[in-house]
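To keep things clear, I will list the structure first and then write my remarks on it.
Every number here is computed from the coordinates shown, using simple stated rules; none is lab data. These numbers come from a predicted model, not from an experiment. Counting neighbours? That spans all protein chains shown, and the Cβs are built from the backbone with ideal geometry, glycine included.
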Amino acid sequence: MRDIAVVVLLSLGMGIQALCAIGVLVMEDPFDRLHFTGPAGLGVLAVAAAILVEEGLSVAGVKSLLVAVVIIVSGPVLTHATARAARIRQFGHWVPMPAEKVGD
Amino acid sequence: MAVNEWLVAAAVGLLTLVPCGIVCAKGSPIDRLVALEMAGVVDAVILLLLAQGFHRDIFFDLALALALLSLAGGLVFARFLERWV
């Protein structure tokens, strides 16, 4: 039973990662590509869960969970920094343009 | 050393790196940074799988170090890509 859970979690994790990588390849615009780096954190979480199912709360399980938490927390930070850099590179600053003003 | 499901998943992970490599090779500087960040996450998963597949607990620290350093590296690249590169 445990082996089935491990194989299911592993294939789920690697499937998410593969689809995200193909998404990054297929998209043209950097902002569209950035959308596909988000779910990659879920792939890491699924693999960490598979290791937890296999090893329990041993050194290995806790460290893989820590890696998953670090990647999930750092995902949005990297995405925001990259999108901001892309926008500054495009327009010279990141402040919204008059045409893009929303809700004033 | 028998091939177990962890090493098979690590091999699939290596194949997942190919699209990231293609975008790293031919995109604009910002596209390459996005592909580098994606490859950083995939690499951390591959290191986790190899550490588990070969039953070497010491390599889990490698995946943790890679996860932290790819965060710092991505931020530094993003900062310099804004204006100076």
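Side notes on the structure shown:
- Total residues in region B:51-85, condition over 20 Å from B:Ala35 (Cβ atoms) and part of a helix (DSSP H, G or I): 10
- Qualifying residue in region B:34-53 (condition: surrounded by fewer than 17 Cβ atoms within 10 Å (Cβ to Cβ) and either touching a Cys at 6+ places or on another chain (Cβ under 9 Å) or of a type in the set (D, E, K, R) (or both)): no
- Boolean, A:Ile4 is assigned to a helix (DSSP H, G or I), hydrophobic (A, V, I, L, M, F, W, C), out of contact with any Gly (no Cβ under 8 Å at 6 or more places or on another chain) and facing chain B (nearest Cβ under 7 Å): no
- If only residues of region B:1-30 that are among the aliphatic types (A, V, I, L, M) and not in a helix (DSSP H, G or I) are counted, the one that is farthest from the other protein chains (Cβ to nearest Cβ) is B:Met1.
- Scanning region B:58-85 for residues that are more than 18 Å from the chain's Cα centre (by Cα), of a type in the set (A, V, I, L, M, F, W, C) and at the interface with chain A (Cβ under 7 Å from one of its Cβ atoms) returns a single hit, B:Leu81.
- Qualifying residue in region A:12-28 (condition: within 10 Å of another protein chain (Cβ to nearest Cβ), outside any helix (DSSP H, G or I), within 19 Å of the chain's Cα centre (by Cα) and surrounded by fewer than 18 Cβ atoms within 10 Å (Cβ to Cβ)): yes
- Residue in region B:31-50 that is in contact with a Lys or Arg (Cβ under 7 Å, 6 or more places away or on another chain), not aromatic (Phe, Trp, Tyr) and not in a loop (DSSP other than H, G, I, E, B) present: yes
- Residues being more than 18 Å from the chain's Cα centre (by Cα) and either at the interface with another protein chain (Cβ under 9 Å from one of its Cβ atoms) or within 26 Å of B:Ala63 (Cβ to Cβ) (or both) are represented in region A:72-86 by at least one member.
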